[in-house]
Structures are given as structure tokens and as C-alpha cells.
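Where a number appears in this text, it was derived from the coordinates with a stated rule and is not lab data. These numbers were taken from a predicted model, which means no experiment stands behind them. When we count neighbours, we look across all protein chains shown, and the Cβ atoms used for this are built from the backbone with ideal geometry, even at glycine.
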């Protein structure tokens, strides 16, 4: 078994962060076939006795899919309104596919303030443990409809890391639209090489070209490295893989596909 296979096999509590680009098609609309396949893969983990929490982006693209006439309006009120509408669409899609396995899902919408208050954090933690212990899959997203700059987490890579730390997860898996971290931008450089294992975060930041963000998401490679640093400080490894590949979890475990693993120096 390869190193990623061993890592997933040995992890019981897994947080999976799913990026907007993973859930969207080339036009920026929700890709239900991709979501269905991800749910199938998550169910395989659950059937192996693992507990899974999902941190999912996609409310914005689901909102645009529902009311496309607002898509070009840049006013913050319309963006927040689209997220309010899209969050319902997103949860309905998750519910539809988990229902096929008789699994319930539960929604949690959070802001940065929730992680800055001891009692709120305790309540979040208790709710997560209760949902998971009862066989419900929690689906977490930032509360974009009410988040302003002062209380905004900013990206779901960070939210995934905060969730993993709060839940004492064994592993954070980040599904993005890239195969992992490269020594330079692979979209513009054919000679870019995948970095499969990272132990030195500071050294990595000095080596790679970390410019640019994805078309539909709010995060870039910098936010993913920041998330890895956050969980590594708690002794939790992070796996970055390309969620747009069908059956990516199975394939990385079998060595058919690759990814980047960020390991903690602790222990």
C-alpha cells in the first residue's frame, strides 16, 4: 500500500473539504455527476468504519444555476442573496445523493466569530460529535449570506482546517482542481513537477510559484498551504488531491493518481 493509501486506511476521523471548482462544470454551474461520484466515494469510507465531515463550497455556483439573471450583478447584496438561494440547492443535492444510502445530512453554517468564542466553539464541537455519532454526515459551509469582512473566514480551505482541529480529526483531505502542489504553476509550465510529500512549509513557500487563483473559487495554493500549516500544528496531516478526477479517493489509495501530503514535523 502506498503512503496515501496507508494514511487514509489509518485515519478514522476524516474532514473532506470540497472546492467550488470540483463541484462546477466548465461554465461555472453545479456538476451533479461529480457530486454523486464524491458521495459514492465518501460512502465507501463510511462503510469501512470511518467518520466523515464535509466542508463544502458551492453555494454561490448553485445560486447562479438557480437564478442566472443575477450572475453579473456585483453588488454584495446580490452575492449574499445568491448564496442564500444556492445553499438550499447545494444541500438538496447532497441530500438527494446521500438518501440513496439511507444516510441523513446535517447543515452547519459558520463565521469566523464562531471560532473566536469559547462557548460557540464548544457548541459546534458538541453538535458535530452528536451528528457523527448518530450516523449523520455534517456538511459545513461559511455563512456567506451574513458574512461581512469583519466576520468572514474568507475561504473554505481555512474553514476545513478549523473544523479538523476542532473535531480532533486524523486527516484533512482537500479536494481541489489541481493534482497537488507543484514546484511551479502547472497551468503555464509543462516542466512543473508534483511535490508528493511536504515536511517543510516555509521551505515550500520559498520554492513554489504561488501566484494566481482559480476561476470560481476564492482560494489559491497559498490558502491550501496555510490550511496545511494550521492542521499540522495540531499534528494532523493534510492531503491535497484533484477532486475533478472520477474516483479520485480510490485511485490515490491505489497509486493510480497522485497528490500532495503535508506532514506535521511533530512526532
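Rounded, prolate or oblate, given the Cα gyration tensor of the range 3-262, with a/c below 1.5 counting as rounded? Spell out each step's value before the answer.
Details: a/c = 1.29, a/b = 1.12, b/c = 1.15.
Rounded, since a/c falls under 1.5.
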Fewest-first ranking of 224, 50, using other Cβ atoms within 10 Å as the exposure measure: 50, 224
The range 170-185-the range 85-100 distance, computed between alpha-carbon centres (Å): 25
Which of 22, 137, 256 has the fewest Cβ neighbours within 10 Å, and the rest in rising order: 256, 137, 22
